[in-house]
Every structure is written in structure tokens, then in C-alpha cells.
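Shown next, in C-alpha cells, is the structure this report addresses.
Each value in this text was obtained by applying a stated rule to the coordinates, not by laboratory testing. Just so we're clear, the structure is a prediction, and the values are computed from it rather than from any experiment. FYI the Cβ positions are ideal-geometry reconstructions off the backbone, even for glycines, and counts take in every protein chain you see.
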Amino acid sequence: MATIRAVVVDQGVPQKLVLQEVEAPHPRESEALVGVHATSLNRGEVEMAMSAATGWRPGRDLAGIVLEPAADGTGPKAGSRVVGLRSAPGVWAEQVAVPTESLAEIPDKVSFAQAAALPVAGVTALRALSHGGLLLGKRVLITGSTGGVGAFAHQLATASGAVVVGHVRRASDVEGVKRLGAEHVVVGDDLGPAAAYGPFHLVLDSLGGPAFAAVVSLLAPGGTSVNIGWTAGESGSVDVMAFNRVGGASIYGLRLDLELRAGGLSDDLAVLANLVAHGRLVVPIEVEESWLNVADIAEGLLSRRFAGKAVLRVNMD
Ligand SMILES: NC(=O)c1ccc[n+]([C@@H]2O[C@H](COP(=O)([O-])OP(=O)(O)OC[C@H]3O[C@@H](n4cnc5c(N)ncnc54)[C@H](OP(=O)(O)O)[C@@H]3O)[C@@H](O)[C@H]2O)c1
């Protein structure tokens, strides 16, 4: 059996993530075989890895080179530099089979590390903002501004012409979020002060909990709060009367996997990569290390030792 190295969950070791030999991938007709050069970590998959069964393989973001194009003739040719987001986890590996509809070629100016940081966080931000339609001149509130999704969402909303308000826990993060385009930044656990800059046509909320409840009362008539997560809490109580009185406001629960069933992933990845190539989207890479350090980087992401994106260089040591 041909093997490759991959990151695998091992509940028998304290840090739970180890590099192991696993069976080499066998691409389907519509899949390209990609040699992975870089990958990035996302909070959800790292949390999942901590409680997953031994043998589970995490990872969805990848950037690398097509080793074998898809047998059905679709997608990039051999030797192409690509970025991809695989719906099935397990891409923290030397080689992966990826459906060609989940790949896009990356411009020469974009590094593998930059590309690898884009997929889950960037596409989530893009899809969440798309629920606001045309954002030109519209007020947009983003919670979790210092996170991976938040950093992309701020830049994309600003590039779309929105008036963007961010939210951070510490005053020391305000300037960084303003550099991403925020006009105002609310500091602390209470989102109430954001009312001074609203009401909002669109909210992108990754915090859940009390923030989920607070932001729905900040919506403009017809506005939408798109919730993508519950980093700060799994439940919150909404003031239903205040929400209803706004008129036409809505709450949307976004699951990236479900959004992607409608297609368009390859186009989204290409849009993001091209924005990076043209200097219009800065990739917030906070940590870039060898994948040999995956366990330490995963722990750092969960404990918020760093903000922004963590990238692992795969097989380049
Ligand atoms: N629905 C989907 O399909 C989907 C897709 C992608 C991501 N997500 C979810 O969206 C969330 C954000 O993802 P991400 O990749 O941006 O995560 P991330 O990089 O880990 O960022 C987390 C953000 O939340 C803030 N935060 C953490 N704990 C907090 C707390 N107790 N109270 C208030 N703020 C807190 C952090 O602020 P500090 O800098 O102050 O720590 C940071 O701004 C995660 O829950 C993730 O699982 C969902």
C-alpha cells in the first residue's frame, strides 16, 4: 500500500494531533490529486479534532500543486498552482484528492501560505456578506473582528462600499481593526454602544450568546443578522418585541457546507485570490510554521495566543 504523511487525531497523546503514515489518496474521476504545500487552521475544525475519535483527520483549507489532473478532464492541469476547500476534512496531508469544483488556480503573486489562509474564513466572510446584497453605503456590523473570518469580512465589506463597524474585546485591538477598514470599533463585551452607529442593514455575528441577542435589536428595517458561530456562547435571549417592531428584519443561520451546495466555490476562491494578487485583500497571517508543529499551533489557536490566521507549511522542511 502506498502511503503519505498526514495529521491524525490520537486521543492517546496529550496534544491529540500527530503526524502519521496513512494510505495515499485514490482520486475519483472528478478529482485532481494535489501535492499540498500549505494549509490553514480554522477554529471549528480544531475544536472538532480535540474530541474526535483516534484516527480522524482534520483540515479543509489547502494550497499546492496539481500532481494529476482529474480523469474527467475538468479543472486545472498538472503543474497548476491551486487553492482549494474540501468539504470532506482530512487535507492536512502531503497529498489530497480534491473535486475540481472546489479548486481555483492562484495567481503567481499569491503565495501558497496566503492562498491556504483564504478558503474557509474568506469564503465564509464572502457568503455571509452576500446576504446583505449591494452593500454600497450600507451600515454593516461585524463581531469577532480580530478573528480569521472577521478580518476578511471587514476588508470585503469595506471594499464593497459599506460603512463598517467592528467589535473587539480589548482596546489594544481597535487600531488593527480600523486598518481593515472599520469606521468605528466597539470595545468590550457589551454591544449596546454599537447602536450609536446603526441601525444596521447587515450584521455578521460569529460570537453568538449575548452578542446574538444584542445585535438583532440593532437591525434596520429589512436588515439581516447572519450568525456563523457561537464563540462566546451557545444561547442568548432575544428581545422579541423589539426585534419584531423593527419590521422586516431577519436572522440567518449560515452553514458554509450548506451554502456551498449551491455551487460557485471555485469562483469565490478565484475572486479572493485575485483580490490578494491586486493588493486589495490583506491575508492576516499571524503564524506560519512547519506542520511538524501542528499540535502547538492548534493549542495556540484555541487559547487565542494569537489573532488572525495560522498557516502550516506542509512537506517543505
Ligand atoms: N458556520 C460556518 O460555516 C462557519 C464557518 C467558519 C467559521 N465559523 C465559526 O465562526 C467563528 C469565528 O471563526 P474564526 O475562524 O474567525 O475564529 P477565530 O479566528 O478563532 O476568531 C474568534 C473571534 O472571536 C473572539 N472571541 C473569542 N472568544 C470570545 C468571547 N468569549 N467573547 C467575545 N469574543 C470572543 C476573538 O476575539 P479575541 O481576539 O479577543 O480573542 C476573535 O475575534 C468560530 O466559532 C467558527 O467556528 C463558522
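The amide H of LEU17, built 1.01 Å from its N in the peptide plane, has ASP10 as neighbours under 5 Å, considering only residues 5 or more places off or on other chains. Helix 119-130 and the longest principal axis of the C-alpha atoms of the chain enclose an angle of approximately 30°.
Among the GluC sites (Glu not before Pro) in segment 169-253, those located in a DSSP loop and surrounded by at most 14 other Cβ atoms within 10 Å of their own Cβ are GLU183, GLU234. Among 140-153, 54-67, 286-299, 33-46, the peptide with the highest mean count of other Cβ atoms within 10 Å heads the list, and the full ranking is 140-153, 33-46, 54-67, 286-299.
Each of the peptides 86-97, 107-118 was scored by the mean count of other Cβ atoms within 10 Å over its residues; in descending order, highest first, they stand as 107-118, 86-97. Among the lysines, which have Cα under 23 Å from the Cα of LYS309 when same-chain residues fewer than 8 positions away are ignored? Result set, ordered by chain and number: LYS16, LYS109, LYS178.
Considering only beta bridges that DSSP places wholly inside the chain, some 55 percent are antiparallel. For segment 1-114, the C-alpha radius of gyration divided by 2.2 N^0.38 Å, with N the number of residues, is 1.06. In the chain, Rg over Rh equals 0.99, where Rg is the alpha-carbon radius of gyration and Rh the Kirkwood radius from pairwise Cα distances.
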